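Below is one structure, written out as structure tokens; comments come after it.
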């Protein structure tokens, strides 16, 4: 398996000595506008949420950028590659990203 440091949902896997790699991550809902980031973890791993992420083409390693925050319902417009999609605040709170601080 190549000794992965993270499972398919972004949770750390202990190394042979029991240590886990830590990353600086925040919820996508907290990502500042126009800041490039990479999806690194999914908190809620229910079948329904994972199905929605697959439909939206969001997975671990996906490059994202928040283009707009809608005050009405706190939904977000994301740029993924050259496409724009809208996701709910509930989904954004369950997707974690890393970015340059």
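A short reminder: the numbers here are calculations on the coordinates, not readings from a lab. All figures in this text were calculated on a predicted structure; none of them were measured in a lab. Please note: Cβ atoms are built from the backbone with ideal geometry, for glycine as well, and neighbour counts cover all protein chains shown.
Observations on the structure shown:
- Kirkwood hydrodynamic radius of the range 26-98, Cα pairs, Å: 11.9 Å
- Approximate spin-label separation residue 93-residue 17, in nm, with each point projected 7 Å along Cα-to-Cβ: 3.8 nm
- Label point distance in nm, residue 67-residue 38, each placed 7 Å from Cα along Cα→Cβ: 2.3 nm
- Length gained on full extension, residue 59 to residue 74: 3.3 nm, using 0.36 nm per residue less the C-alpha separation.
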